[in-house]
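Only one structure is covered here, and it is reproduced in the block below.
The values are calculated or read from the model by the stated rules, or taken from the named source; none is laboratory data. Here the structure is a predicted model, which is why all the values come from computation and not from measurement. Here the Cβ positions follow ideal geometry from the backbone for every residue, glycine too, while neighbour counts run over all protein chains shown.
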Amino acid sequence: MYLFLITFLFLYGGMHLYAFIKLRTAFQPKQHMAWLLIIWMGVMTTVPLLVRIAEQYGMGKTALMFAWPGYLWMGFLFIFSSTMLVTDTVRQTCSFVFCQLSRQVPSYLSTRNACRISLVVAITASVYAVMESDQIRSEHVVVTTSKLPVNVSKMRIVQISDVHIGLLLQERRKVKILKMIREADPDILVSTGDLIDGKLNRENEVFADNPFAASLASLPAPSGKYAVIGNHEVYAGLPQSVAFTRAAGFTILRNQAVTLKNGIILSGVDDQAANPGAVADPGREKALLNTVSRDSFHILLKHRPDILPESDGRFDLQLSGHVHGGQIFPFNFLTKLKYPIPCGTTTTKAGSLIHVSRGTGTWGPPMRLFAPPEITIIDIVRQQPLT
């Protein structure tokens, strides 16, 4: 966790420095304005840490006061810096070409114009990203299999992932999530990690009377609700996260498998953040999958969308999340470096399926740019015999 914070502050501080240099070069503000910008950026760099500290000490209103401007700024800054990199690269390339042709560089290729364009794009994109974060989509996946019992023609699973229940998850979005799940009418409801984010209630660490937990628990799912641990459950405090998830009506599969009455097998593994040293434990996953029969339809719940070579083919369908589809373009290019399996449904080398959700909520900035949130509806349909 501390390594994550240090790395984050270093990268986030570097982004602020880059933006400051570009803004100062482009607009050459007076000294007092430059200092105001330095102070603003310095405070904004530390806001994520200040929010966590305020949450830790039960200062919910203070945390919320910092969170809204701080995380909106974070999203805007990322978009601005990304756009500035592109416009600056184009400007420098064009300037180089003009110089090679011994021609004067046009005035419209100035640093100020590049910065103006980047600011307009970043402001426009940020407003759109805030609106897109509220546009939850239903993604429908149909899986045909011969492994369902003869008395079961179809099973419907609804997957939520990366809801990040916390400071910035507004009431209207909670209501929308609940409504969409209810309308999907699932047989099984699953959460593939990061259900919560932060300290939800310091005074009530059991979370038994959390209203959103109670609302989730009241949702009908005849064959049960199941969840796995994500990295943010660990960051928020594992005992409290487990208590909240159970209060929400979920059975947590912590490196466990369960056989449902309809014959489907669900297994789930903890995120590596829950392991000693926060490193992956392939042996534990392998041991779990080796206990599962291959004759039944097997769904593996795993927060991160990675597939161990020894696990491939040991499950029929893996449900994952974690990557948020990048959440804010062009961050998706960075997430693909670590997790190359794309969002959506993919067939693995060994013939298994994996569905990677874009996530139902947001982490950090309450924004999504070209990565709308989703609730996934998976219909497992029994394959009809050939006649």
Practice problem: Output the residues belonging to region 82-97 that are surrounded by 14 or more Cβ atoms within 10 Å (Cβ to Cβ) and over 18 Å from R368 (Cβ atoms). | Solution: M84, L85, V86, T87, D88, R91, C94, S95
Quiz item: Is there a residue in region 333-350 that is touching a Phe, Trp or Tyr at 6+ places or on another chain (Cβ under 8 Å), buried (at least 16 other Cβ atoms within 10 Å of the Cβ) and either at pLDDT below 95 or assigned to a loop (DSSP other than H, G, I, E, B) (or both)?
Solution: no
Quiz item: If you take the residues in region 255-285 that are within 26 Å of the chain's Cα centre (by Cα) and of a type in the set (S, T, N, Q), which one is surrounded by the fewest Cβ atoms within 10 Å (Cβ to Cβ)?
Solution: N275
Exercise. For residues that are exposed (fewer than 15 other Cβ atoms within 10 Å of the Cβ) and part of a helix (DSSP H, G or I), tally how many sit in region 50-63.
Key: 3
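Okay, residues lined up against (1) of a type outside the set (A, V, I, L, M); (2) at pLDDT 95 or above; (3) assigned by TED's automatic domain parsing to the domain that holds L238:
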site: L11; (1), (2), (3): no, no, no
site: T25; (1), (2), (3): yes, no, no
site: I38; (1), (2), (3): no, yes, no
site: V51; (1), (2), (3): no, no, no
site: Q56; (1), (2), (3): yes, no, no
site: M59; (1), (2), (3): no, no, no
site: F78; (1), (2), (3): yes, yes, no
Quiz item: Quick one: how many residues across region 254-303 are closer than 25 Å to K154 by Cβ and of a type in the set (S, T, N, Q)?
Solution: 5
Exercise. Could you tell me whether any residue of region 305-313 is outside any loop (DSSP other than H, G, I, E, B) and modelled with pLDDT of 95 or more?
Key: no
Practice problem: Would you be able to say whether some residue in region 264-274 is touching a Phe, Trp or Tyr at 6+ places or on another chain (Cβ under 6 Å), part of a loop (DSSP other than H, G, I, E, B) and either among the β-branched types (V, I, T) or closer than 30 Å to L5 by Cα (or both)? | Solution: yes
Quiz item: Is it true that L288 is closer than 30 Å to E132 by Cα and surrounded by fewer than 24 Cβ atoms within 10 Å (Cβ to Cβ)?
Solution: no
Quiz item: From the residues in region 146-196 that are polar (S, T, N, Q) and at pLDDT 95 or above, which one is farthest from H232 (Cα to Cα)?
Solution: Q159
Practice problem: Just give me the residues in region 114-165 being more than 22 Å from P365 (Cβ to Cβ) and in a loop (DSSP other than H, G, I, E, B), in sequence order. | Solution: S146, K147, L148, P149, V150, N151, V152, S153
Quiz item: Out of the residues in region 214-235 that are surrounded by 24 or more Cβ atoms within 10 Å (Cβ to Cβ) and in contact (Cβ under 8 Å) with a residue 60 or more places away in the chain, which is nearest to G321 (Cα to Cα)?
Solution: G230
Quiz item: Looking at this structure, is G268 touching a Leu at 6+ places or on another chain (Cβ under 9 Å) and in the same structural domain as R304 (by TED's automatic domain parsing)?
Solution: yes
Quiz item: Which residues, counting only those in region 137-151, are crowded, with 17+ Cβ neighbours inside 10 Å and among the hydrophobic types (A, V, I, L, M, F, W, C)?
Solution: V141, V143, L148
Quiz prompt | Residues located in region 20-42, provided they are among the charged types (D, E, K, R) and either surrounded by 12 or more Cβ atoms within 10 Å (Cβ to Cβ) or not in a loop (DSSP other than H, G, I, E, B) (or both) | solution = K22, R24
Quiz item: Given the structure, is T25 touching a residue at least 24 places away in the same chain (Cβ under 8 Å) and over 30 Å from the mean Cα position of the chain (by Cα)?
Solution: yes
Quiz prompt | Failed condition for D88, given (1) acidic (D, E); (2) closer than 30 Å to I299 by Cα; (3) in a helix (DSSP H, G or I) | solution = (2)
